[in-house]
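Single-structure report; data block below.
The values are calculated or read from the model by the stated rules, or taken from the named source; none is laboratory data. Quick caveat, the model's predicted, so the values are computed rather than measured. Positions of Cβ are generated from backbone atoms using ideal geometry, with glycine treated the same way; all protein chains shown enter the neighbour counts. For the accessible areas, the whole protein counts, side chains as well, though only heavy atoms, and no ligand, DNA or RNA atoms are used. Shrake-Rupley method; radii C 1.70, N 1.55, O 1.52, S 1.80 Å.
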Amino acid sequence: MPLLALLLLVPVLAEITVFIVVGRWIGVLATLLLFIAIGVIGTLLLKRQGMRALREMQAALARGEPPAEPVAHAALLVLAALLLIFPGFLSDLMALPLLLPPVRRALIRWLGVQAKRRGGFTVWPGGPQGRGPGGGPVIDADYTEVKPDGGADPSLPRIEESRWRGKDEGDAPGRP
């Protein structure tokens, strides 16, 4: 618990210290106005970039592509906006590089390498073609579980009543 408290307390104390130093350097009123302006900019950025990211994700899905890159860019822009909204100049300095597309691309590439090294992730391409994970068609179906003995519930169908017979009983109906 003391380590967690220290991890939470150190950034807060650092932000307060920087706030006091900036206040002495440019004046209290200017510091407060800068503080408020950066928060407003962060809020506007969050709104604007959130809508833009949503449009980019929809466009990627409409093209039948996985929206991984637009989602990653959107997540980093949201993080940058939240860091700008969060009170403090150090968090603002951490947000600035995330606003630059080359920095975001490099960070996304690095995170992708790290994810693959740690076990990775899989993106199943879907989209309008209706292709599933194996590349074949996606089949949407309803099913009823059929137990060999019908189970305890007599209303459940029995395997003998199934339209589809097992391998030892021949092929499926309609096949020679």
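Of the residues ILE38, ALA75, VAL10, the one whose Cα sits farthest toward the positive end of the charge dipole of region 1-76, with +1 on the Cβ of Lys and Arg and -1 on the Cβ of Asp and Glu, is ILE38.
Give the calculated FRET efficiency between ILE16 and LEU82 to the nearest 0.05, with a Förster radius of 25 Å applied to their Cβ-Cβ distance. Walk me through the numbers before you get to the answer.
On the way: r = 19 Å, r/R0 = 0.78.
Using R0 = 25 Å, I get an efficiency of 0.80.
Just the protein heavy atoms count here, and of the accessible area of region 18-66 at 1.4 Å, carbon and sulfur take up 74 percent.
Computed FRET efficiency, Cβ-Cβ of ARG118 and SER155, R0 41 Å: what is it to the nearest 0.05?
Working: r = 49 Å, r/R0 = 1.19.
Working from the Cβ atoms, E equals 0.25.
Placing pseudo-labels 7 Å out from each Cα toward the beta carbon at ASP140 and GLN58 gives an inter-label distance of 2.1 nm. PHE35 sits among other residues whose Cβ lies under 12 Å from its own Cβ, and their net charge, with Lys and Arg +1 and Asp and Glu -1, is -2. Probing with 1.4 Å while keeping every protein chain in the model, the per residue accessible area of region 52-104 equals 55 Å². Say a paramagnetic label sat at a point 7 Å from the Cα of ARG48, along Cα to Cβ; which residues of region 90-120 have their backbone N under 20 Å from it? Inside the label zone: 92-105. For region 70-76, backbone phi angles converted through the Karplus equation (6.51, -1.76, 1.60; θ = phi - 60°) give residue-by-residue couplings of x, 5, 5, 4, 4, 4, 5 Hz, Gly and Pro being listed as x.
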